[in-house]
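The values are calculated or read from the model by the stated rules, or taken from the named source; none is laboratory data. Computed from a predicted structure; not experimentally measured. For neighbour counting, all protein chains shown are included, and Cβ atoms are generated from backbone atoms with ideal geometry for every residue, glycine included. The accessibility values were calculated without ligands, DNA or RNA, using every heavy atom of the protein model including side chains. Shrake-Rupley method; radii C 1.70, N 1.55, O 1.52, S 1.80 Å.
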Amino acid sequence: MTGIASIRGVVRVPGDKSISHRSLILAALSDGTSHISGLLRSADIDSTASVLSALGVRIEPDKEGIAVHGRGLRGLLVPKRPLDCGNSGTTARLMAGVLAAHPFDSTLIGDASLSRRPMRRVTEPLGQMGAHFTMAGDGDGLPLTIHGGTLGSIGWNSPTASAQVKSAILLAALNAQVSASVTEPARSRDHTERMLAARGIPIVVDGESVSIGVARSMRAMDTHVPGDPSSAAFFVALAALVPGRTLDMPDVCVNPTRTGFLDVVQRMGAVVSLLDASDEGGEPTATIRATGTDSLRSVNVGAAEMPSMIDEVPVLACLAARAEGETVISGAAELRVKESDRISAVVRNLQTIGVDAEERPDGMAIRGSLAPLSGRIETHGDHRIAMAFGVLGALPGNEIDIVGPECVSVSYPSFWSDLRRVA
Ligand code: S3P
């Protein structure tokens with residue numbers, strides 16, 4: 001990729017991936033029709049939509065975006081074929097929760113990356129609620145057959161801060177019409193509980209715990225999906241890397257469980273402000289304005305901040321490669337079970353292009369410099385690895401080739417054209 005000489009302007013990032021999955025799933029479980037605008041159009045969201053279609057949910061385009069005709073709680077139909085979740089962990093884990101409460105067998109399958117990702121973290125609590133599972137291989141991945149049925153209530157202490165685990169339990173309880181509570185070591189993104197509460201479901205949040213009460217039905221709701229802060233992060237980083245340049249990203253979700261990266265970038269010396277603050281369907285939104293400074297400082301990021309910026313670590317690591325001093329990222333072992341082993345993939349790729357980086361069991365250390373960077377990036381089919389290194393590749397003086405750049409279709413299909421356009 002050729003370097004870009006100047007960075008300015010506005011980037012309208014696509015709809016939030018987490019909220020898009022949940023908008024479809026909650027609409028499918030509601031009574032009545034939900035109209036959704038701003039939905040992310042990407043491979044991961046297509047996976048959720050096609051899984052729901054295979055379960056009898058009618059989804060069709062309308063003038064605002066799409067219309068989802070809900071089937072009500074526990075109203076999904078027996079699927080005629082395995083349910084293909086593609087590359088999407090959120091589809092697999094959230095649907096495992098939904099299907100555990102449906103009185104039939106269903107099988108979740110996925111691509112090679114998803115098939116390797118841990119599912120026991122959801123089958124364990126769902127099993128304790130009364131669901132049964134048949135798992136392939138070593139019993140911790142896909143294909144996963146769910147033998148759903150009547151479930152009991154649960155109080156689950158989750159060993160990891162995971163919105164997917166929390167959501168699987170809440171969605172199982174919702175459909176089974178039982179109560180449940182989940183306590184996490186640190187608060188993960190809270191879209192599910194916000195969206196359930198907005199639809200009239202009894203939800204109580206107390207510190208790191210969230211509880212759901214029994215509801216007999218869920219009402220349909222029209223929603224607008226705000227922009228994805230994890231997609232905006234690449235352009236925040238791009239602005240931060242170029243002194244004096246400003247980028248605006250309008251209508252982005254700035255839910256505090258998602259904005260840890262913005263805090264860290266400011267500690268590194270970039271200027272970030274939130275303008276036009278608003279609220280959409282219970283989610284705070286704003287225009288994110290990011291401006292680069294003369295030099296970025298290194299930073300330490302640990303376990304406490306990790307849940308609020310877990311998907312932004314690859315791009316943070318790329319920023320750290322240009323910052324003065326040593327950046328240490330710790331408490332991030334969860335990155336090893338994302339779409340790729342992101343600790344290993346990030347560190348190896350940084351080393352390949354000439355950055356002084358070191359892998360640690362739960363994170364990495366990166367010593368930044370302003371030396372030109374060049375080489376080929378192995379994405380391992382991981383969209384966030386491709387985009388993070390794409391940002392570094394867009395800087396003047398760097399010559400970085402991304403192998404398999406099309407994997408961005410999972411979350412941000414127009415990423416490369418947006419990146420070129422702000423040049
Ligand atoms: C997501 C939760 C996070 C995140 C993923 C999306 C979600 O995963 O990394 O990209 O939508 O619930 P975990 O729940 O596994 O932490």
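Is it the case, given these coordinates, that Thr285 is of a type in the set (Ser, Thr, Tyr), surrounded by fewer than 24 Cβ atoms within 10 Å (Cβ to Cβ) and within 16 Å of the ligand (Cβ to nearest atom)? It is false that Thr285 is of a type in the set (Ser, Thr, Tyr), surrounded by fewer than 24 Cβ atoms within 10 Å (Cβ to Cβ) and within 16 Å of the ligand (Cβ to nearest atom).
So that you can scan it fast, the table gives a plain yes or no per residue for (1) touching a residue at least 24 places away in the same chain (Cβ under 8 Å); (2) part of a loop (DSSP other than H, G, I, E, B); (3) under 22 Å from the mean Cα position of the chain (by Cα):
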| residue | (1), (2), (3) |
| --- | --- |
| Gln351 | no, no, no |
| Ala357 | yes, no, no |
| Ser369 | yes, yes, no |
| Leu395 | yes, yes, no |
| Ile400 | yes, no, no |
| Tyr412 | yes, yes, yes |
| Leu419 | yes, no, yes |
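Restricted to the stretch 299-324, and to residues there that are open to solvent by less than 40 Å² (accessible area, probe 1.4 Å) and in contact with a Ser or Thr (Cβ under 7 Å, 6 or more places away or on another chain), the residue that is nearest to the ligand (Cβ to nearest atom) is Asp311.
For the condition of a type in the set (D, E, K, R) and in contact with a Ser or Thr (Cβ under 8 Å, 6 or more places away or on another chain), Asp206 does not qualify. Exactly one residue out of Gly260, Gly269, Gly227, Gly207 is under 29 Å from Ser158 (Cβ atoms) and open to solvent by 10 Å² or more (accessible area, probe 1.4 Å), and it is Gly207.
The residue that is farthest from the ligand (Cβ to nearest atom), counting only those in the stretch 330-389 that are at positive phi and open to solvent by 50 Å² or more (accessible area, probe 1.4 Å), is Gly354. Among residues of the stretch 150-164 that are farther than 19 Å from Arg187 by Cα, those with a Cβ under 7 angstrom from a residue that is surrounded by fewer than 21 Cβ atoms within 10 Å (Cβ to Cβ), sequence gap 6+ or separate chain, pair up as Thr150/Gly130; Leu151/Gly130; Leu151/Val178; Gly152/Gly130; Gly152/Val178; Ser153/Val178; Ser153/Ser179. Return a yes/no flag: does the stretch 250-260 have any residue that is within 12 Å of the ligand (Cβ to nearest atom) and not assigned by TED's automatic domain parsing to the domain that holds Glu280. For the stretch 250-260, residues within 12 Å of the ligand (Cβ to nearest atom) and not assigned by TED's automatic domain parsing to the domain that holds Glu280: absent. I need a count of the residues in the stretch 90-112 that are closer than 15 Å to Pro143 by Cβ and open to solvent by less than 20 Å² (accessible area, probe 1.4 Å). Summing the residues that are closer than 15 Å to Pro143 by Cβ and open to solvent by less than 20 Å² (accessible area, probe 1.4 Å) in the stretch 90-112 gives 8. Among strands (runs of 3 or more DSSP E) entirely within the stretch 1-80, having at least 3 residues that are away from the ligand (no atom under 16 Å from the Cβ) and in contact (Cβ under 8 Å) with a residue 40 or more places away in the chain singles out 33-37. Is it true that some residue in the stretch 181-193 is small (Gly, Ala, Ser), in contact with a strand residue (DSSP E or B) (Cβ under 6 Å, 6 or more places away or on another chain) and open to solvent by less than 10 Å² (accessible area, probe 1.4 Å)? Checked against the condition, which is being small (Gly, Ala, Ser), in contact with a strand residue (DSSP E or B) (Cβ under 6 Å, 6 or more places away or on another chain) and open to solvent by less than 10 Å² (accessible area, probe 1.4 Å), the stretch 181-193 yields no hits at all.
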